[in-house]
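Visitor: Structure in structure tokens, see below.
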Amino acid sequence: MSLRLFNTLSGRIEQFQPLQDNQVRMYACGPTVYDYGHIGNFRTFVAVDILRRFLRQRGYQVRHVMNITDVDDKIIRNAAQAGIPLKQFTAKYENAFLEDAGALNIEQPELVHATDHIPEMADFIARLVEHGFAYRTEDGSYYFRIAKFPQYGKLSKKDFAGMEDGARVDVDEYEKDSARDFALWKAPKPGETSWDSKIGPGRPGWHIECSVMSMAELGESFDLHAGGEDLIFPHHENEIAQSESGTGKPFVKFWFHARFLLVEGEKMSKSLGNFYTLRDLVLRGHKPSSIRYLLSSVPYRHQLNFTFGGLQQAAASVDRLRNFRQRLISGHFPRGSDLTLTTLASETSRRVLEALDEDLNTAQAQAALFDMVRLANAAIDSGEMKQDDVQPLLSTLDQFDEIFAVLKDDDAPKMQHVADWARAEGREKDISPELLEALRSNALSDEQVNHKVEQMNAARAAKNFAASDAIRAELTANGILIEQTKEGVRWRRK
Ligand code: AMP
Ligand code: ZN
């Protein structure tokens, strides 16, 4: 078996096969850095991260490039409103984006910036003009002539027969059902940032940025191009038209699109009051690991309805996994092995792999792992777990975590970071009591807790109950719950 992946271009699930050997060249449309990233954005970026991690687990060498859109209509508008130079404005939100992505354990792709590649964009537009695919208007802007690209609509499966030749649009995002000649290059407007180039002064359109940067890094034809489903039209449709007209070659083999996230059943919007950045959720006391787990719990092509109930469940799931792992690591089990448990571990590994092979069915992979955790926990309770079963079970957990990346107990510093940021931004009032409580109960690292638990055990063994009670009280005050079990003392965070 190997990965089968839905391809928006063909409209069906296909066997994944790179163009060259086992090298995967993939490009993901990155953020437009004009504000903090919201959980919808991160749904898509987590989906792409899971794809990237799984390709690697499947033995491919992955080269993953992502752009930062650091000039567009919204950026120019917001930077002007804030009265800050464009570069300074975008740098702030780019850094915030990278921090948030890091908090969600999203591995960082190679980054490219639109404003670093403007001469190549002008060159490419000049080439399109030369071959009759683009034209200049009186004000010095350039447009792509879609009537010259009869395959226009092949990605979005829209039928543009009878479209009006020469009808133009100069905004980057436009109505979903109209085909219009779109802007490749916008002539300077008073007060707007612009660049001098061989095709005159101005700034590039959003679509040309991605065509030019992806091909500059990955070649004229590459394997995978990813983004949220809103990018299918017009953004990706336009990228195909520009790139394939310019090079005469197929642009991208596989198109990967994540479905939009809803919040409590509705489209997320500021006006509905259901708009959440990642930082908003952390300020409310939610852990980045719970958020990542929730965002990955619904397969990427299915609607993910974000709810606070769901987030709590995700937190409980992550706790359960971490507690199970802790139980395996710290438990004292009899020598030997129990064949059923070792088989359970390898069967679960296989089930997780098969689920992800089937168009990244993350829900099924998680279900398979939880079946294992339930059975193995029962085996520990009944005393059937043996020393030699531990390693196979841990390996299965590790294999799962290479993709899901939630097992490491690393939320505390990330949450602390958001609290510090809120204070620095004068938003102290947004720090919830829940976040403060979470910070308090995470003041001790895992190693520190383990060390104190050992000290407590030693004190008790020496019948120094006053000392052991004092350590226990200190742990409780730091949000650590202590349980006495057959395999010894177990702890977990409140
Ligand atoms: P933007 O910063 O708006 O260019 O978006 C960055 C990425 O987030 C793009 O791939 C979008 O398709 C994606 N995106 C935006 N909103 C949502 C949403 N509600 N659900 C899923 N993905 C989204
Ligand atoms: Zn793009």
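The values are calculated or read from the model by the stated rules, or taken from the named source; none is laboratory data. As the structure is a prediction and not an experimental result, all values here were calculated from the model. Virtual Cβ from ideal backbone geometry, glycine too; neighbours counted across all protein chains shown. Calculation scope for accessible area: heavy atoms of the full protein, side chains included, ligands and nucleic acids excluded. Shrake-Rupley method; radii C 1.70, N 1.55, O 1.52, S 1.80 Å.
Visitor: Tell me yes or no: at least one residue of segment 433-451 is open to solvent by less than 50 Å² (accessible area, probe 1.4 Å) and farther than 29 Å from VAL46 by Cα.
Guide: Checking segment 433-451: at least one residue is open to solvent by less than 50 Å² (accessible area, probe 1.4 Å) and farther than 29 Å from VAL46 by Cα.
Visitor: Which residue out of ASP388, ASP409 is at pLDDT 95 or above and of a type in the set (Asp, Glu)?
Guide: Of ASP388, ASP409, the one residue that is at pLDDT 95 or above and of a type in the set (Asp, Glu) is ASP388.
Visitor: Identify, please: which residue in segment 231-250 is closer than 15 Å to ALA122 by Cα and small (Gly, Ala, Ser) and is, among those, farthest from ligand 1 (Cβ to nearest atom)?
Guide: GLY246
Visitor: Look through PHE400, PHE370 and report the one residue that is open to solvent by 10 Å² or more (accessible area, probe 1.4 Å), within 30 Å of ARG52 (Cβ to Cβ) and either not in a helix (DSSP H, G or I) or not acidic (Asp, Glu) (or both). Can you show your working first?
Guide: On the way: PHE400 fails: open to solvent by 10 Å² or more (accessible area, probe 1.4 Å).
So the residue among PHE400, PHE370 that is open to solvent by 10 Å² or more (accessible area, probe 1.4 Å), within 30 Å of ARG52 (Cβ to Cβ) and either not in a helix (DSSP H, G or I) or not acidic (Asp, Glu) (or both) is PHE370.
Visitor: Additional query: Which condition number in (1) open to solvent by less than 20 Å² (accessible area, probe 1.4 Å); (2) of a type outside the set (Phe, Trp, Tyr); (3) more than 25 Å from SER297 (Cβ to Cβ) is the one that VAL418 fails?
Guide: (3)
Visitor: Please enumerate the residues belonging to segment 2-39 that are within 23 Å of GLN303 (Cβ to Cβ), open to solvent by 10 Å² or more (accessible area, probe 1.4 Å) and away from ligand 2 (no atom under 16 Å from the Cβ).
Guide: Within segment 2-39, ARG4, PHE6, SER10, GLY11, ARG12, ILE13, GLU14, HIS38 meet the criteria.
Visitor: Could you please give the count of residues in segment 133-163 that are outside any strand (DSSP E or B), farther than 29 Å from SER10 by Cβ and of a type outside the set (S, T, N, Q)?
Guide: The total comes to 3.
Visitor: Here's something else I'd like to know. When you check LEU394 against the structure, is it surrounded by 17 or more Cβ atoms within 10 Å (Cβ to Cβ) and in contact (Cβ under 8 Å) with a residue 40 or more places away in the chain, yes or no?
Guide: When the stated conditions are applied, LEU394 does not pass them.
Visitor: Name the pairs whose Cβ atoms lie under 8 Å apart, with the first residue in segment 325-349 and outside any helix (DSSP H, G or I), the second aromatic (Phe, Trp, Tyr), and 6 or more positions between them or separate chains?
Guide: Qualifying pairs under 8 Å: none.
Visitor: Could you figure out which of (1) surrounded by 20 or more Cβ atoms within 10 Å (Cβ to Cβ); (2) in contact with a strand residue (DSSP E or B) (Cβ under 8 Å, 6 or more places away or on another chain); (3) charged (D, E, K, R) isn't true of ASP411?
Guide: Looking at each condition in turn, ASP411 falls short on (2).
Visitor: Now for a different question. Within segment 241-292, which residues are of a type in the set (D, E, K, R) and either surrounded by fewer than 22 Cβ atoms within 10 Å (Cβ to Cβ) or within 16 Å of ligand 2 (Cβ to nearest atom) (or both)?
Guide: Hits for segment 241-292 are GLU244, LYS249, LYS253, ARG259, GLU264, GLU266, LYS267, LYS270, ASP280, ARG284.
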